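Only one structure is covered here, and it is reproduced in the block below.
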Amino acid sequence: MFAAPPVIETEVFTTMPDRYRSPARRSEWLEQQPPGNPTHSLIEGPSFDRKGNLYTVDIPFGRVFRISPQGEWTLVTEYDGEPNGLKIHRDGRIFIADYKNGIMLLDPDSGAVTPVLQRVNLERLKAVNDLVFASNGDLYFTDQGLTGLHDPTGRVFCLREDGRIDCLLDNVPSPNGIALNPNETQLYVAVTRANSIWRAPLMPHGRVAKVQNFIQMSGGGGPDGLAVDAEGSIFVAHIGLGAVWMFTNQGEPAYRIKSCRGLHNTNMAFGGQDNRDLFITESESGTILKARMPVPGVTMFSHL
């Protein structure tokens, strides 16, 4: 066990305006989830574009928002889906991990959402959760569904830049957030129902080997989103504890980033002028929190 790490405080960057809260329609996603989720919205998947706008998704109501550097919200699209994660490709395309529909592509100008990947070898996906790009354009994503310790069959896939797709893991009890270390030799997966972070070494042939339970956590609802900074530290959004944990690249806890609002921290992204501000989606209150970090984060644009 480790000593309690020092605390970094957060502040409110922006809060979802009242006009976007509690749409007057049912949500099948909310109705089929365990009790305890907020009903006004559930924001996730933060990701910055080159202009400094922060995109975030609202899972139960199929919405994607764009938040300006000044904190102003714009509804980009509302569609028949359950967008759970969002990342922006090096060429500017916006990809969505849609729990209902698979991997989707968003046109931010028209709001159109079109499929990229819905089946693998004719087999339907369970329900995808989150995604991350490698510098060569390969897309890693988690296929979570309703898996857990009772059914450890969640999967992690890699959709190669050339269109090939590989299943890297098929025995994960609820794979959720996903991230790469800075030199892209290690893949991290948040395993929510096991309350742990797995580390999967990426081999030269593109497969994984000697996958380990790298960080064992406790309490709350388990780890959700992941992020990595330029030194390889791992940031873990821990639902139910009102915290984002920062671990060194050796897996030692370095900081606890404390929510100044609710306990439902779902995901995070680095942004700001020097990429040292950590922006956190806190879905209990529908708020984007911000905290100043000692080291800049890793972004998909860092290699351009």
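The values are calculated or read from the model by the stated rules, or taken from the named source; none is laboratory data. Everything numeric here is computed off the predicted structure, so don't read it as measured data. We place every Cβ from the backbone using ideal geometry, glycine too, and count neighbours over all the protein chains shown.
A few points about this structure:
- Entirely in segment 1-88, the strands (runs of 3 or more DSSP E) that have 2 or more residues that are modelled with pLDDT of 95 or more and over 30 Å from Glu252 (Cα atoms): 11-15, 54-58, 63-67, 73-78
- Residues being surrounded by fewer than 21 Cβ atoms within 10 Å (Cβ to Cβ), part of a strand (DSSP E or B) and either more than 19 Å from the chain's Cα centre (by Cα) or of a type outside the set (Val, Ile, Thr) (or both) - total across segment 98-124: 8
- Only one entry of Asn249, Asn267 meets the criterion of being in contact with a strand residue (DSSP E or B) (Cβ under 9 Å, 6 or more places away or on another chain) and part of a strand (DSSP E or B), and that entry is Asn267.
- Residue match in segment 142-151 (condition: of a type in the set (Ser, Thr, Tyr), within 21 Å of Gln186 (Cα to Cα) and out of contact with any Pro (no Cβ under 8 Å at 6 or more places or on another chain)): no
- Residues in segment 175-192 that are surrounded by 21 or more Cβ atoms within 10 Å (Cβ to Cβ) and either among the aliphatic types (A, V, I, L, M) or over 16 Å from the mean Cα position of the chain (by Cα) (or both): Ile178, Ala179, Leu180, Leu187, Val189, Ala190, Val191.
- Selection from segment 79-89 of residues that are crowded, with 16+ Cβ neighbours inside 10 Å and farther than 22 Å from Pro175 by Cα: Tyr79
- Answer from Val244, Val228 - the residue that is of a type in the set (A, V, I, L, M) and within 22 Å of Cys158 (Cα to Cα): Val228
- Flag for Gly92 being without any contact (Cβ under 8 Å) to a residue 60 or more places away in the chain and on the phi > 0 side of the Ramachandran plot: yes
- Residues of segment 272-285 that turn out to be part of a loop (DSSP other than H, G, I, E, B) and surrounded by 24 or more Cβ atoms within 10 Å (Cβ to Cβ), as a count: 1
- The set of residues in segment 149-182 that are of a type in the set (S, T, N, Q) and without any contact (Cβ under 8 Å) to a residue 12 or more places away in the chain is empty.
- Top-ranked residue in segment 194-238 [being among the charged types (D, E, K, R) and out of contact with any Leu (no Cβ under 7 Å at 6 or more places or on another chain); ranked as farthest from Glu44 (Cα to Cα)]: Lys210
- Segment 145-201, subset assigned to a loop (DSSP other than H, G, I, E, B) and of a type in the set (A, V, I, L, M), residue nearest to Asn129 (Cα to Cα): Leu146
- Considering residues of segment 193-227 that are within 26 Å of Val295 (Cβ to Cβ) and among the β-branched types (Val, Ile, Thr) only, the residue surrounded by the fewest Cβ atoms within 10 Å (Cβ to Cβ): Ile215
- Leading residue by the ranking (nearest to Lys258 (Cα to Cα)) among those in segment 7-29 that are of a type in the set (Lys, Arg) and loosely packed, with under 12 Cβ neighbours inside 10 Å: Arg19
- Test: residue in segment 152-168 that is farther than 20 Å from Leu86 by Cα, polar (S, T, N, Q), surrounded by fewer than 19 Cβ atoms within 10 Å (Cβ to Cβ) and modelled with pLDDT under 95: no
- Qualifying residue in segment 239-259 (condition: under 23 Å from Val128 (Cβ atoms), surrounded by fewer than 23 Cβ atoms within 10 Å (Cβ to Cβ) and of a type outside the set (A, V, I, L, M)): yes
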